[in-house]
Structures are given as structure tokens and as C-alpha cells.
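What follows is one structure encoded as C-alpha cells, with my remarks underneath.
Just so it is clear, none of the values below were taken in a lab; they were calculated from the coordinates. On a predicted model such as this, the values are computed, not experimentally measured, just so you know. FYI the Cβ positions are ideal-geometry reconstructions off the backbone, even for glycines, and counts take in every protein chain you see.
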Amino acid sequence: MASITRRKFVKQVGAGTAGAVAAAPFLKAGAAKASANDTVNVAVMGIRSRGSDHAASFAKLPNVNVAALCDVDERLFPKAIANVEEIAGKRPKTETDIRRVLDNKEIDAISIAAPNHWHALATIWACQAGKDVYVEKPVSHNISEGRKMVEAARKYDRIVQVGTQSRSLPIIQSAMDFLHAGKLGKLYMVKCIVFRPRESLGNKTNSPVPAGVHYDLWRGPAPWRPFNENRFHYNWHWFWDTGNGETGNNGPHYTDMARWALQKYEHPRKIQSMGGYDIFNSDQETPNTQASMMEYADGTRVQIEVRGLYTNGEDGMTMGMLIFGSEGWMHLGSESWATYFGRKNEPGEHRSEKEEKAQAKASGKGDNEDTLHFANFVNCVRSRKREDLTAGILEGHLSTAMCHLSNIAYRTGRQVIFDPANENFSGDAEANSYLTREYRYPFVVPERV
């Protein structure tokens, strides 16, 4: 599909959704929040790591109630409850099974920070139950799931925000304004830098399930395996049946910004990826060194490089982006950006987070990106205007798919050609086998949402 502006993109994907609420008979009455004074009741799924940030951020927002915490590990509840109670002065309920949360008619929205293999099913179930959703990146465990999430959000007219909170960061927004004004000329390539050294997992034997852990629920849609600490808390990232490696972990933040910079509202067509699990000998399945290249139909390219061992930075960055245009290039980090022009790399316009925060504070928008991102979600829950979302589910699907495509090319060991319109690899059975997975009943992502 040809490149389009974000405004046209949002307008087009909004077409055909009128009357969608009527298709969902279980939507609770009065789901739309008309006033900023209406309390929004939020439940957080997955509270060990990023989910604790979700709970704290929601608890700090006015007229938002963290009504429930959901996790399969009951050992995590005391600390999480205390944190919310300290901020909000109110004790949330607890559940181990997300289905019990979705049965609660008082819950307006679900915030999902569970492992990747749960993101799609929890989102789809929530949409079907009439809940709005905030879901962490990557939005899905595979490309097919991402499309089903978009379909569910549209069919049930739900607000679904993606946890790519960099879109709410003023320093990133000013960089995008600069690029979209054409000040760097015609953009032709973006390099995403994800250099995050990690230590070896080592090798661990299977062991009994710890007391308080509901392991069947934790496995959920993933195939059954005996309990192993190396596959459980956080380390699930490094196994294909629950995670997507570092490319799918931190990668979506940067592929999202790359696509935003290039104003691409489509999938790339040609994808290559090489790498491996270097140096260490451990249980890990995913690579700790990986370099991927994706090319769009017009020849524009996005690179993403992962280095999981000790490394130098690139132009002083270990996490960030380099953006290349016909007139010069941009160094884009999380706290600053700078531009350089011509053969002599003459310094051009630059900004720092300090400057952006000062401007944001002067305009009454002085909160950090997490607060702004969660607040944007809550505002849209109240207004029902999904076009006002900073990072809607279709944006998240397109950006996450770039990481899935990179991993598919890596796992096949060759270049793959993707059909953006049909979201498959024409005539390539091996590559197509990675587009979805077999699900473990009853944790099945439905063919028809």
C-alpha cells in the first residue's frame, strides 16, 4: 500500500466501525466515560516488574482507581498491594486468573504487563468483555495475533493503547516535528540501536512449581513444559515459546520510532537478519547478537542491531537511533537529539531533554512520559476518541510486526519476502509457519474474534 499521512491513516482505519458496539452483547451499559470526574477502575495484569510501574502510574492519576491486581504468582501481592495503598490510600483486590477480572463488571480497563505470550489473548478477551486495554510492547507474540488484536479492538469499539511511551516524550516529539518538516531532506534509512549487555542464564534443571505460583495459568497459550526457573520470571524473554528475544523486547520501542520518523503505515517487504547466541553456553534460545534489515516497497530501509554482550556505543549511544536523510543525519537518544549536515557534518539544530521539559512545564505538560502516556489512555477511555490515542493498537501492531519479521528472517536463515496486504509470505511455507502458533486449550486466540 502507498505511504499515507497519519491523519489519513487514522481516518481510514476508523471506517466501518459504526455499530460495532451492537455486535458485542456483553458490553456493559454506560461503558463510555463522559466526564473527567468519572472514576475509571483499572486492573493490572502482571505486577512483578513493568506492571508495578503501571499500577503506580495509574494510582497517581486523578479519578483513577487501581481496583485489582492480577498475577499468577501470589508471592508478589503483599508488596504490590502496599505500593498502591501508599500512593492511593486504597487497597486493591487481587486475582490470579484474568478471566475472573474480566467477569467483574466494575472494571473499566485492563493494563497488561504479563509476558509476551499472554498479550494478545488477554487483550482480545478484554475487548470481548467490554474493557478498554493498555498493553505493553511487543503487543503480540506473533504477527497473526497482532492482527486479531486490531480486529477485536475495532469490532467491540474498544480503546487500546500500546506501551510505546516514547511517543509521549517531548524530546522525541520535537525530533519528529523536525524530521516531518523536511529539515533533514528526504529520509532513506533509520538504524535502531539496542546495545544492552546481559549475563549468561546458565543451565538449570526442572524443579517443582513454587508454592503460590499458578503455573498452568502462567503457561496459558504457550505449550506445556515442566517448571524451570530459567524459563520463569523475566528470563521467559529468551525462549521462543514465551518471548521474542531482545529484538522483540526493547526493539519495538525503536522500530516504532523509526516507522514514525519515516511516516510508514505499512509493513516492509524484504527482510534479512543474521546473528547468534555468542560466547555463552546456557539454556537461552534467542540470539544475543542480531542485525536485521527491512526494506519497504519504495526502497526505504530500517535496520535494528542488537548487541547483548560488552560493546562500545555507536555515536556515543547504546540505546537510540540514527536517522539518515538527503541533507544530513540525526542522532536521536532518549534525552537529546542533534543534527549534522553535508560532507563536513556541520552541526545543525539540536535539543536536550532539559530544554523540552522546561517548555513542557511552561505549557502545563511537565509530567514524565509514563504519566503522560497513561493519562492519554485514560482521557481516551473517557472521551471514546481512539483517534486521540498517542499509540493505538494498529500503530503497535505495525511496529511489533517489524520485530517479528526480523526474527522470522533470523530463524529461517535467509531473506524473506512479505506480502504487506495479506500479511503472509506468498509461497513460503517455512516462513508462514512462524506467523502464528498452536494454542493450548482453553487459552486459544480465536480465528474469529
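Any chance you could check the Cα centroid distance between segment 91-119 and segment 122-170 for me, in angstrom?
Value for the Cα centre distance between the two parts: 14 Å.
Find which of Thr242, Pro223, Tyr254 sits farthest along the positive direction of the dipole of segment 181-288, computed with +1 on the beta-carbon of Lys and Arg, -1 on that of Asp and Glu, about the Cα centre.
Positive-most Cα among the choices belongs to Tyr254.
Express the relative contact order of segment 334-449 as a whole percentage, based on alpha carbon pairs under 8 Å and six or more residues apart in sequence.
Relative contact order for segment 334-449 comes out at 10 percent.
How much net charge surrounds Ala258 when only other residues with a Cβ under 10 Å from its Cβ are counted (Lys, Arg +1; Asp, Glu -1)?
Net local charge, Ala258 excluded: +3.
Straight-line reach from Lys79: which aspartates and glutamates have Cα under 17 Å away, leaving out those fewer than 8 places along the same chain?
Excluding near neighbours in sequence, the set is Asp53, Asp71, Glu95.
How do the peptides 209-216, 315-322, 65-72 rank, highest first, by the average count of neighbouring beta carbon atoms within 10 Å per residue?
Order by mean packing, descending: 65-72, 315-322, 209-216.
Roughly how big is segment 55-154's charge dipole about its Cα centre, with Cβ charges of +1 (Lys, Arg) and -1 (Asp, Glu), in debye to the nearest 20?
Computed about the Cα centre, the dipole is about 140 debye.
Treating only the Cβ of Lys, Arg, Asp and Glu as charged (+1, +1, -1, -1), what charge dipole size does the chain show about its Cα centre? Round to the nearest 20 debye.
It works out to roughly 840 debye.
With +1 assigned to the C-beta of every Lys and Arg and -1 to the C-beta of every Asp and Glu, and no other charges, what is the dipole magnitude of segment 220-323 about the Cα centre in debye, to the nearest 20?
240 debye
Any aspartates and glutamates with Cα under 16 Å of the Lys155 Cα? List them, leaving off those in the same chain fewer than 8 positions away.
By straight Cα distance, Lys155 reaches Asp132, Glu145, Glu387, Glu447.
Once you've got the GNM for the chain with C-alpha springs shorter than 10 Å, pick whichever of Glu199, Glu430, Glu327 has the biggest mean-square fluctuation.
Glu199
Say we join alpha carbon atoms closer than 10 Å with springs in a Gaussian network model of the chain; which of Arg386, Arg48, Arg99 then has the biggest fluctuation?
Looking only at Arg386, Arg48, Arg99, the biggest GNM fluctuation is shown by Arg99.
Can you pick out the pairs among Lys105/Lys148; Lys60/Lys148; Lys191/Lys344; Lys90/Lys148; Lys105/Lys137; Lys60/Lys385 whose Cα atoms lie more than 29 Å from each other?
Over 29 Å Cα-Cα: Lys60/Lys148; Lys90/Lys148.
Before anything else, pin down the relative contact order of segment 125-239: Cα pairs under 8 Å, at least 6 apart, normalised by residue count, whole percent.
For segment 125-239, the relative contact order is 18 percent.
Suppose we keep just the DSSP beta bridges with both residues in the chain; what percent of those would be antiparallel, to 5?
60 percent
Below 8 Å between Cα atoms, with a sequence gap of 6+, how large is the relative contact order for the chain in percent?
Rounded, it is 21 percent for the chain.
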